[in-house]
1. Check Ser52 against each of (1) within 30 Å of Ala3 (Cβ to Cβ); (2) without any contact (Cβ under 8 Å) to a residue 24 or more places away in the chain; (3) surrounded by 13 or more Cβ atoms within 10 Å (Cβ to Cβ); (4) among the polar types (S, T, N, Q) and name the one condition it does not meet.
2. Could you figure out which of (1) part of a helix (DSSP H, G or I); (2) in contact (Cβ under 8 Å) with a residue 40 or more places away in the chain; (3) hydrophobic (A, V, I, L, M, F, W, C) isn't true of Leu43?
3. Looking only at the stretch 13-49, which residues are loosely packed, with under 12 Cβ neighbours inside 10 Å and either in contact with a strand residue (DSSP E or B) (Cβ under 6 Å, 6 or more places away or on another chain) or under 30 Å from Leu2 (Cβ atoms) (or both)?
4. Answer yes or no as to whether Val64 is of a type in the set (Val, Ile, Thr), surrounded by 12 or more Cβ atoms within 10 Å (Cβ to Cβ) and part of a helix (DSSP H, G or I).
5. Of the residues in the stretch 24-46, how many are at pLDDT below 95 and under 13 Å from the mean Cα position of the chain (by Cα)?
Amino acid sequence: VLASLPLQMMLYFNVYYFPVWCMAEGMMLQLKYHLLPQHYQFLLVAAFLILSLTEGSRLYLGYVGNLQEK
């Protein structure tokens with residue numbers, strides 16, 4: 001079984017675009033944070049953290065798994 005080149009290319013570019021997305025989303029969160037009710041503030045921050053951690057782990061596991069042919 002060989003490593004998938006298209007998958008590796010998508011992961012490679014996604015690794016570079018993920019910090020850009022994270023910064024843009026963080027800036028938007030900062031801009032609208034004070035305008036929202038407190039329960040929406042909590043939900044928004046929780047969703048941002050969960051999505052960021054999930055995406056980071058998905059990229060790491062996909063990158064390592066594809067290179068080790070798993």
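1. For Ser52, the failing item is (2).
2. All conditions are met except number (2).
3. Correct list: Phe13, Tyr16, Tyr17, Pro19.
4. Working: of a type in the set (Val, Ile, Thr): yes; surrounded by 12 or more Cβ atoms within 10 Å (Cβ to Cβ): no; part of a helix (DSSP H, G or I): yes.
Against the criterion (of a type in the set (Val, Ile, Thr), surrounded by 12 or more Cβ atoms within 10 Å (Cβ to Cβ) and part of a helix (DSSP H, G or I)), Val64 does not qualify.
5. 2
The values are calculated or read from the model by the stated rules, or taken from the named source; none is laboratory data. The structure presented is a predicted model; accordingly, all values stated were derived computationally and were not measured. Positions of Cβ are backbone-derived with ideal geometry, glycine not excepted, and every protein chain shown enters the neighbour counts.
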